[in-house]
Structure formats: structure tokens, C-alpha cells
Amino acid sequence: MEISLKKVKVSHELSEETVAFTADLYVDDKNVGTVKNHGQGGSHDIYLDPAHRDLYKKLSNMDTEFLISELVVEVDLLKRQQSKGFVLRKPSDDPIMSFEYATSKFPMPITKLRQHKDYKNWLKKQRQSFAQEGWKVINTNL
């Protein structure tokens, strides 16, 4: 069972103890409902479409909670940072969270980088350098 999110909307203003968000919930590439969190420390609220109510027990567990939280963090980080620099992910040693994230600023605006004659070679070298340290570039705009 592969869980993914689309149309993720994060509200940093409403986030207190956890991230406040809403998103469309997908299981195996099928839209099965929505998920949200009010940002006050509680668990996620999952609203399944009537045709997919049978998934409720499979989705109501701590592993799914953590996975959804990680997906929200990743999507939000990409939205906020990928035009400014590389967004990086690597497996975490943390027993709770699967990944850790980092960013690395571009030396110039992305629009100028793309126009540079050596952009593809530079990008390849950057990816290789990050990979040697265990990081994967997850930008969707490169």
C-alpha cells in the first residue's frame, strides 16, 4: 500500500505543536479522501470517501501518522525552498522519522543557472557530491 498526498496546503500561522495542513489522500495512486491536522498536537483526521471506508483500519495507525507527517514536511519544504537551492533528503537514524532533510543554496538564481552553458555538468557534479555524503536531491524543478 503506497500512500501519497496531493494538493497539500500548510498553514504555518495555525501550526502550534504540530503542522496544520489539509491534503488529498491517495492510496496506490487512487484518491481515497482527505487528511488534515489542526496543528494543536492531535493526530491527523482522515476522511475517507464512502467507497474506500474499508481502508480506515489500515490507515489508522502510528506508522501512517508518521508517514503522512513526513510527506507534509517534504512537500512544504519543496514548495518553500526549491527555487532557492537544493532540497536534500537522506535516511535517518531516528527510530521515529524515516528521513532527515537539508537545503543548500544555489550560487545564483535558478533562472540564471539554467541559462549557463555548463549547467547540466554542474548539476551532475552537485548531485554526485551530495550522493557521496548520502543525500539525494529531491527538487522537482531541476
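Read the figures in this text as sums done on the coordinates, not as results from a lab. Values in this document were obtained by computation on a predicted structure and should not be read as measured data. Every residue, glycine as well, gets a Cβ built from its backbone with ideal geometry; the counts of neighbours run over all protein chains shown.
Here are the numbers:
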read-out	value
Percentage, to the nearest whole number, of Cα pairs in the chain over 18 Å apart	62
Across Lys7/Lys90; Lys90/Lys125; Lys105/Lys136; Lys30/Lys58; Lys58/Lys79; Lys57/Lys136, pairs whose alpha-carbon gap is larger than 27 Å	Lys58/Lys79; Lys57/Lys136
More than 13 Å apart - percent of Cα-Cα pairs taken over region 3-78	64
Lysines with Cα under 16 Å of Lys112, excluding same-chain neighbours fewer than 8 positions away	Lys84, Lys120
Residue-span extension gain [Phe99 to Leu142] - 0.36 nm each, minus C-alpha spacing	13.4 nm
Nearest-20 debye value, region 84-137 charge dipole, Cβ charges on Lys, Arg, Asp, Glu	520
Chain lengthening between Asp45 and Ile110 when straightened (0.36 nm per residue, less Cα-Cα)	19.7 nm
Cα→Cβ-extended label distance, 7 Å offset, between Phe66 and Ser129, nm	3.3
Cβ-derived FRET efficiency at R0 22 Å, Asp76 paired with Asp54, nearest 0.05	0.15
Rounded to 10°, Cα long-axis angle of helix 119-132 versus longest principal axis of the chain	60
With Cα atoms, 0 to 90° folded angle of helix 62-81 axis to the chain main axis	40
Cβ-Cβ FRET estimate between Glu13 and Asp118, R0 fixed at 41 Å, reported to 0.05	0.50
